[in-house]
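Taking it in order: structure first as structure tokens, then the write-up.
The values are calculated or read from the model by the stated rules, or taken from the named source; none is laboratory data. These numbers were taken from a predicted model, which means no experiment stands behind them. So basically every Cβ, Gly included, is an ideal-geometry build from the backbone, and we count neighbours across all protein chains shown.
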Amino acid sequence: MLLKKAQKGLNKITRHGQISVAPGVSDLHNARHMLALVCGLGMGVISALFYTMNAFATFAGPGTIGLPMALETGHIDSNRAGKYLPLCYVLSAILLTLFHVAWTIMVWDTCHKIGRFPTAFVPGAAAVVSHLFVAFLSSLNSRGFYILVFSVQFLVLLICIAYCNVIMGGTIQSFVTAIGQSFVDAFTLKQIRNFVEERKMRTQQRQAVPDEPMTERGGASDEPGTSNTVDA
């Protein structure tokens, strides 16, 4: 509701499809996905901080590795508060940040299409169901199912991102292609490849330019009795 009011206010000082009346100010037309992404990223960062705050607060002593509560009691249960629990919390916090981006896009799409499309509730319902499922998986970390929880959460995140890609006008094929290209770029070091290709292009351009003939300043003359040599 606040964004719609802000859009009405921005429309008064901007012209759709033209240069803005106020420099640096643009309207919010067709920008709801971008706004949802930015807002979801902010909410995800805040949620990740709250998610990891309790785990980090447990590290009381300087240079303590592991959970001090388990060290004080002299009993460390690897299936419960083990040494990999902080690492799992960090990885889950990263996924939680990305989850909030996807959930915000879904909910905003439902709010935008509600009352106009019969299936407008589907993105919002998908966000709620996936949110509850991910929260349930997070509760299993304390039982030692770190790898299983992280793998399932990552799979659910890929499904949510693919669905958000469809919401924003993409296709499943384009999403798979983009994921594959990202892995290729990561393993083949795209920046280095681009640098090498630029060097090759520059070398080819230099070789393609023919050498200019060495002539006198006076230039060549077509008359039979003239010469290009300069008298001393």
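What residue, among those in region 133-155 that are among the aromatic types (Phe, Trp, Tyr) and in contact with a Cys (Cβ under 8 Å, 6 or more places away or on another chain), is modelled with the lowest pLDDT?
Here the residue is Tyr146.
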*Residues in region 98-114: is at least one among the charged types (D, E, K, R), out of contact with any Pro (no Cβ under 9 Å at 6 or more places or on another chain) and without any contact (Cβ under 8 Å) to a residue 24 or more places away in the chain?*
no
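Residues checked against (1) under 30 Å from Tyr89 (Cα atoms); (2) loosely packed, with under 13 Cβ neighbours inside 10 Å; (3) without any contact (Cβ under 8 Å) to a residue 40 or more places away in the chain; (4) touching a His at 6+ places or on another chain (Cβ under 7 Å):
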position: Tyr146; (1), (2), (3), (4): yes, no, no, no
position: Ile161; (1), (2), (3), (4): yes, no, no, no
position: Cys164; (1), (2), (3), (4): yes, no, no, no
position: Thr171; (1), (2), (3), (4): no, yes, yes, no
position: Phe183; (1), (2), (3), (4): yes, yes, yes, no
position: Ala186; (1), (2), (3), (4): yes, yes, yes, no
position: Asn194; (1), (2), (3), (4): no, yes, yes, no
position: Glu198; (1), (2), (3), (4): no, yes, yes, no
position: Thr203; (1), (2), (3), (4): no, yes, yes, no
*Does any residue of region 166-184 turn out to be in the same structural domain as Leu37 (by TED's automatic domain parsing) and closer than 23 Å to Phe50 by Cα?*
no
*Restricting attention to region 159-177, does a residue exist that is farther than 21 Å from His100 by Cα, assigned to a helix (DSSP H, G or I) and not polar (S, T, N, Q)?*
yes
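Given the criterion surrounded by fewer than 18 Cβ atoms within 10 Å (Cβ to Cβ), in contact with a helix residue (DSSP H, G or I) (Cβ under 9 Å, 6 or more places away or on another chain) and modelled with pLDDT of 60 or more, identify the matching residue among Ser47, Ser130. Working first, answer last.
On the way: Ser130 fails: surrounded by fewer than 18 Cβ atoms within 10 Å (Cβ to Cβ).
When all the criteria are applied, what remains is Ser47.
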